[in-house]
């Protein structure tokens, strides 16, 4: 049995190999650049959406009072605390304002991770955590990923207790480290 090598067939095979190598080494890096650009744009869109949501929430809280009730609590550390709920289709928005303007969204997020609050949030909301944002000093907006009144009120009760106890103790000390030295360094008159 003898095989003959057809030069035409060899040329076609070499051409196919050249096309595959061109695609592999030429187009592949550009496809990765496109994927990176799409990822960057997606992140930018998410950031813009978060900012628009915060502005929208501020407008709603400032202008609309219909459809929300306000509960006023008197707590040991935070003083008067007002809680308003706005149930929605997929989430429930709560506005919490305190007499002492010590509550800040970034500090709530950070301290919830170092205490047991985030684990409790994940347990209550099937692995998701509420989104918290500042409205004004001493006033935050929480978006709870639930429309179940029992789950939401359980969480808000626990959160308000946590804010008045663990959060207040840690936040007061932490904010004091940044603010008290300003008072000490005041020139005397």
Inset, instruction - Describe numerically, in nm with one decimal, the distance between label points set 7 Å from Cα along Cα→Cβ at residue 150 and at residue 16. - result: 6.5
Inset, instruction - List 95, 72, 115 from most exposed to least, where exposure is judged by having the fewest other Cβ atoms within 10 Å. - result: 72, 115, 95
Inset, instruction - Counting other beta carbons within 10 Å of each Cβ, put 13, 178, 125 in order, fewest first. - result: 178, 13, 125
Legend entry - Compactness of region 69-176 as Cα Rg over 2.2 N^0.38 Å, two decimals: 0.99
Inset, instruction - Could you list 16, 78, 107, 175 in order of exposure, starting from the residue whose Cβ has the fewest other Cβ atoms within 10 Å? - result: 16, 175, 107, 78
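The numbers here are math on the coordinates, done by the rules we state, and not lab data. Since the structure is predicted, the reported quantities are computational estimates derived from the model, not experimental observations. Glycine gets a Cβ as well: all are built from the backbone with ideal geometry, and neighbour counts include every protein chain shown.
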